[in-house]
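The values are calculated or read from the model by the stated rules, or taken from the named source; none is laboratory data. The structure displayed is predicted, hence computed values, not measured ones. Positions of Cβ are generated from backbone atoms using ideal geometry, with glycine treated the same way; all protein chains shown enter the neighbour counts.
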Amino acid sequence: MDIVQRLESAWQTHADGHFEAALQEYSALFDEADAAALRLSYVLAAWAKLAEEYLPARQALVALRDRLTAELPAAPQLFHDIRVINDKLGDLQNTYHLFQSLPEALAQQNARAALPSIMACGDFELARRYLPHPEHHLALAAMQLNELKNKANVLTTEGMAELLADVFNYTTEVALVLDLLNGCGDTAAAAIARQQAVSLVQAPEARACVQAELDAPGTTLDAMVELQNSVTA
């Protein structure tokens, strides 16, 4: 079986209630070189779902996280993997404390990935240190969205899917900036940044999507799911 077939088989094993067998397969797939493109998405998501139902699966996921942490000094790129695993575990404090222990050069490289965990733990002073100019960060994100939008044809399903994905990524950065400013007590700057997050977007359809997401967080993801369902129906 190829990797996708093995993953589908593991899903079925899980669905059938054979939790230990599913755990063994998810664990094997995570370390499988051929599954590199799926390990932090489909494989990890399935493993985390199993962990909600089967305590040994959660314990194994924690053990994996700890193993990767031990390997981090020799493989700095593993911080990303550890952060994603912690997100699935709901253990943002682990990411926060791990980030605090990083050498400065490595911390600089991983600051963006760690910022949500840092702020979730209430350390806005540290977050501001690694994102000292949030308004500039917002402007760069808007510039990138505008460039991407110029390449998308929203009259096609593929183009609309691209637009929604780009808006989702952009509004994730917007939320990061707003959370940081509000967390630092700079509510006036946050209010201005919220307005700029919309006004900086050039294309009317993209601007409308951004406004909708700010008004009702989750709107973009719902639209992405609805579009996908309409394609597969």
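Would you say Leu89 is under 23 Å from Asp123 (Cβ atoms) and in contact (Cβ under 8 Å) with a residue 40 or more places away in the chain? When the stated conditions are applied, Leu89 passes them. Only one entry in Leu178, Leu148 is of a type in the set (A, V, I, L, M) and at pLDDT 95 or above, namely Leu178. Going by the conditions given, is Leu155 under 26 Å from Asp222 (Cβ atoms), hydrophobic (A, V, I, L, M, F, W, C) and not in a helix (DSSP H, G or I)? Spelling it out, Leu155 is indeed under 26 Å from Asp222 (Cβ atoms), hydrophobic (A, V, I, L, M, F, W, C) and not in a helix (DSSP H, G or I). All of (1) in contact (Cβ under 8 Å) with a residue 12 or more places away in the chain; (2) among the aliphatic types (A, V, I, L, M); (3) in a helix (DSSP H, G or I); (4) out of contact with any Ser or Thr (no Cβ under 6 Å at 6 or more places or on another chain) hold for Val201 with one exception: (3).
So is Thr69 farther than 30 Å from Ser101 by Cβ and buried (at least 16 other Cβ atoms within 10 Å of the Cβ) or not?
It is false that Thr69 is farther than 30 Å from Ser101 by Cβ and buried (at least 16 other Cβ atoms within 10 Å of the Cβ).
Which is touching a Phe, Trp or Tyr at 6+ places or on another chain (Cβ under 9 Å) and closer than 30 Å to Thr232 by Cα, of Leu163, Leu180, Leu155, Leu145?
Going through Leu163, Leu180, Leu155, Leu145 in turn, the sole match is Leu145.
Between Leu155, Leu102, the distinction of being crowded, with 16+ Cβ neighbours inside 10 Å and either modelled with pLDDT of 95 or more or out of contact with any helix residue (DSSP H, G or I) (no Cβ under 6 Å at 6 or more places or on another chain) (or both) belongs to Leu102 only.
Count of region 1-41 residues, restricted to those that are modelled with pLDDT of 95 or more, closer than 21 Å to Asp81 by Cα and of a type in the set (D, E, K, R), is 1.
In this structure, does Ala46 turn out to be in a loop (DSSP other than H, G, I, E, B), over 29 Å from Leu180 (Cβ atoms) and out of contact with any Leu (no Cβ under 6 Å at 6 or more places or on another chain)? No; evaluated as a whole, the condition is false for this residue. Exactly one residue out of Ala161, Ala189, Ala206 is part of a helix (DSSP H, G or I) and free of Cβ contacts under 8 Å to residues at least 60 places away in the same chain, and it is Ala189. From the list Gln77, Gln59, Gln93, the lone residue that is assigned by TED's automatic domain parsing to the domain that holds Gln24 and loosely packed, with under 13 Cβ neighbours inside 10 Å is Gln59. Filtering region 123-145 to residues that are out of contact with any Leu (no Cβ under 7 Å at 6 or more places or on another chain) and in contact (Cβ under 8 Å) with a residue 60 or more places away in the chain leaves Glu135, Leu138, Leu145. Looking at Leu55, Leu44, Leu61, just one residue is closer than 18 Å to Asp87 by Cα and touching a residue at least 40 places away in the same chain (Cβ under 8 Å), and that residue is Leu44. For region 117-136, the set of residues classified as surrounded by fewer than 18 Cβ atoms within 10 Å (Cβ to Cβ) and assigned to a helix (DSSP H, G or I) consists of Ala120, Glu125, Arg129, Tyr130, Glu135, His136, listed by residue number. If you go through region 213-233, how many residues are closer than 28 Å to Phe124 by Cβ and either buried (at least 16 other Cβ atoms within 10 Å of the Cβ) or among the hydroxyl-bearing types (Ser, Thr, Tyr) (or both)? Qualifying residue count for the region: 4. Could you tell me whether any residue of region 164-180 is within 22 Å of Ala111 (Cβ to Cβ), acidic (Asp, Glu), surrounded by 13 or more Cβ atoms within 10 Å (Cβ to Cβ) and out of contact with any Cys (no Cβ under 7 Å at 6 or more places or on another chain)? Taking every residue of region 164-180 in turn, at least one turns out to be within 22 Å of Ala111 (Cβ to Cβ), acidic (Asp, Glu), surrounded by 13 or more Cβ atoms within 10 Å (Cβ to Cβ) and out of contact with any Cys (no Cβ under 7 Å at 6 or more places or on another chain).
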